[in-house]
Each structure stands twice: as C-alpha cells, then as structure tokens.
1. Is the range 115-127 home to any residue that is in a loop (DSSP other than H, G, I, E, B), of a type in the set (S, T, N, Q), out of contact with any Pro (no Cβ under 6 Å at 6 or more places or on another chain) and under 23 Å from H54 (Cβ atoms)?
2. Could you run through the range 82-95 and say how many residues are surrounded by 15 or more Cβ atoms within 10 Å (Cβ to Cβ) and part of a loop (DSSP other than H, G, I, E, B)?
3. Filter the range 148-181 down to residues that are modelled with pLDDT of 90 or more and among the hydroxyl-bearing types (S, T, Y), then give me how many there are.
4. What number goes with the only condition from (1) modelled with pLDDT of 95 or more; (2) closer than 20 Å to Y70 by Cβ; (3) hydrophobic (A, V, I, L, M, F, W, C) that I145 does not pass?
5. Return the residues of the range 176-202 that are more than 23 Å from K109 (Cα to Cα) and in contact with a helix residue (DSSP H, G or I) (Cβ under 8 Å, 6 or more places away or on another chain); say none if nothing qualifies.
6. Those residues that are basic (K, R), part of a helix (DSSP H, G or I) and within 24 Å of Q136 (Cβ to Cβ), I need them from the range 157-203; list them, please.
7. Just to check your reading of the model, which residue among R178, R151 is touching a residue at least 40 places away in the same chain (Cβ under 8 Å) and either closer than 20 Å to K65 by Cα or touching an Asp or Glu at 6+ places or on another chain (Cβ under 7 Å) (or both)?
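The values are calculated or read from the model by the stated rules, or taken from the named source; none is laboratory data. Here the structure is a predicted model, which is why all the values come from computation and not from measurement. Cβ: placed from backbone, ideal geometry, glycine included. Neighbour counts: every protein chain shown.
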Amino acid sequence: MGFQVKEIQVRGTQHPQHKISYKEQKTKDIQREDGHRVSEEEYWEKYYEYGDVHYEWNNGILEEKPVSDYEAYLMSFWFTSLIHHFLDTYPIAKVIGLEMGFRLNLSKKVTIRKPDIGVILNSNSIGIKNRDRTFQGIVDMCIEILSDSTRKEIERDTKAKKQEYCQIKVKEYYVLDRKQNHTAFYHLASSGRYNKIKPTKDS
C-alpha cells in the first residue's frame, strides 16, 4: 500500500522520487469502464474497492456511481446528521456509507448496490461488525442522493433501484433530489409494494 519511494542523488542532495503505486495503477486501469461486462468474482476482486471511480454491479455490467456536486454533498451531510441526531437519542440502528455495498439476490438477476446512505436496524437478523467491508444481509433503509446528469442516472435511482430494493424487501427507500423534482420517500407495505410516505401537517 502507498507509494514506493527511492532516493536519488541530484547535485549532492537526496530527493524522494515517487513511483506509481499498485493502487494508483489499479485506479488508472479501471477508469471509464462504465457499461463493461465483468463476472461477479472479478467485480469483488477488482472493482468493489479500488480507485477513485466507484462502481456498482448490475447482473454482470459495471455501473459507475457519478460524482456529486457540492450542493448534493451538503444535502447528504444534512440528512446524515439528522439520522445521527435521532440515533443519539434512540440507538436502534447503525449507519453505513463510504461506498459500502450489499448483494441483492433478485428473482431474475443479481446486483450489488452501494447506497449513498444505509441504515441497518439492530433488530436485523444479520448484524454488521466494525471491520466489515460489505454488508452480508439486507439493508433496512437505503437513501440515494439523486444523480441527474443524464436521464439514465435519474431512472437508475427513481426506477431501477426502487424496483430492486422493493423486491429484496428493503423496508424504506428515500430519493433525495436537491432540485426537489424527484424527491420521494417509500415504505414497504404489507402487500410487498412500496407506498409513498406522505408528509403530515407538522412536517
């Protein structure tokens, strides 16, 4: 890990010369591979953790998670802060982020998603440990900060992931849109479908 450094002599003075590290080379290798087909084994080995480019995996296809703008970051930070303030009073769950993913074994395909914010209830049958790099169960609440650079990105968050999370029985799914065009809050009903959570008068 990190840089490999060697000392070179220049006019009687030693200077560090940085060589490209293995991780940096991996980052270079996986740039611009959105849409490429890779096996699940290759995804976990090569694409799950490496580099500044973050990928999800959709039934054999790499899907790059777009870079957010600053306004989206502020919204994410604000919402995460709300969750943490709630959990400080009612410690009923743990929050995950930092590109931590989980595997969705769906009826007709398999995907690996990395929600922008995830909440795992203490009552979840599969807990999460401090050194886990992925969650082995089903996240109880998934929150996506809408990526709206393209129509494809919008539909991925508002349609594709909604269908996947509903099918895998994620209890709640929120889409946060800084422009407020696609913001939505869903709760899994007893019917197995998502119902919109309607704001109350006090909201």
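1. No, there is no match, as no residue in the range 115-127 is in a loop (DSSP other than H, G, I, E, B), of a type in the set (S, T, N, Q), out of contact with any Pro (no Cβ under 6 Å at 6 or more places or on another chain) and under 23 Å from H54 (Cβ atoms).
2. Residues meeting the conditions: 0.
3. Final tally of qualifying residues: 4.
4. (1)
5. Passing the criteria: L176, R178, H182, A184.
6. Once the filter is applied, which keeps residues that are basic (K, R), part of a helix (DSSP H, G or I) and within 24 Å of Q136 (Cβ to Cβ), the range 157-203 yields K161, K162.
7. None of the others qualify; the one that does is R178.
Okay, residues lined up against (1) within 22 Å of R131 (Cβ to Cβ); (2) surrounded by 11 or more Cβ atoms within 10 Å (Cβ to Cβ); (3) small (G, A, S):
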| position | (1), (2), (3) |
| --- | --- |
| G60 | no, yes, yes |
| S68 | no, yes, yes |
| L74 | no, yes, no |
| T80 | yes, yes, no |
| G97 | yes, yes, yes |
| R103 | yes, yes, no |
